[in-house]
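Engineer: Please see the structure below; I have some questions.
Just so it is clear, none of the values below were taken in a lab; they were calculated from the coordinates. Here the structure is a predicted model, which is why all the values come from computation and not from measurement. As a convention, Cβ positions derive from the backbone with ideal geometry for all residues, glycine included, and neighbour counts pool all protein chains shown.
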Amino acid sequence: MASSCQALLAAFKDCVLNSECVTKQGNLPSTCLRDHVDELPESCQSLRKATFECKRGMLDMRKRFRGNIVGSRFQFEPEKPAASAPDTLSKPS
């Protein structure tokens, strides 16, 4: 795949792997994308569409001269897991 779509694809993979369909329901990412698309968060759905548009832009002959703009300006920053809250119920010594 061209480098213009790699950041979008990485963000999409990260989003699906951290979705409730995979983490809480225990489904495979491929199952979530095939059977539970409507249950994915809005951000994952928009990344899915952007990835599709980026791949389609690579094949569009009208965009060959201008470049694939859909994915080229996207910067991927993986989501960091939420830090656990400090233990407030510690026993006094």
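Engineer: Whole-Hz ³J(HN,Hα) for each residue in the range 7-15, computed from phi via Karplus 6.51 cos²θ - 1.76 cosθ + 1.60 with θ = phi - 60°, x for glycine and proline: what do you get?
Structural biologist: Ordered by residue, 3J(HN,Hα) equals 5, 5, 5, 5, 5, 5, 4, 4, 5 Hz.
Engineer: Okay, next question. Could you give me the ³J(HN,Hα) list for the range 36-46, computed from phi with Karplus coefficients 6.51, -1.76, 1.60 and θ = phi - 60°, whole Hz, x at Gly and Pro?
Structural biologist: Rounded to whole hertz, the list is 10, 4, 5, 8, 5, x, 4, 5, 5, 5, 6.
Engineer: Residues with beta-carbon under 14 Å from that of residue 42, excluding residue 42: net charge, scoring Lys, Arg +1 and Asp, Glu -1?
Structural biologist: Working: positive: 48, 49; negative: 20, 38, 39.
Summing Lys and Arg as +1 and Asp and Glu as -1 gives -1.
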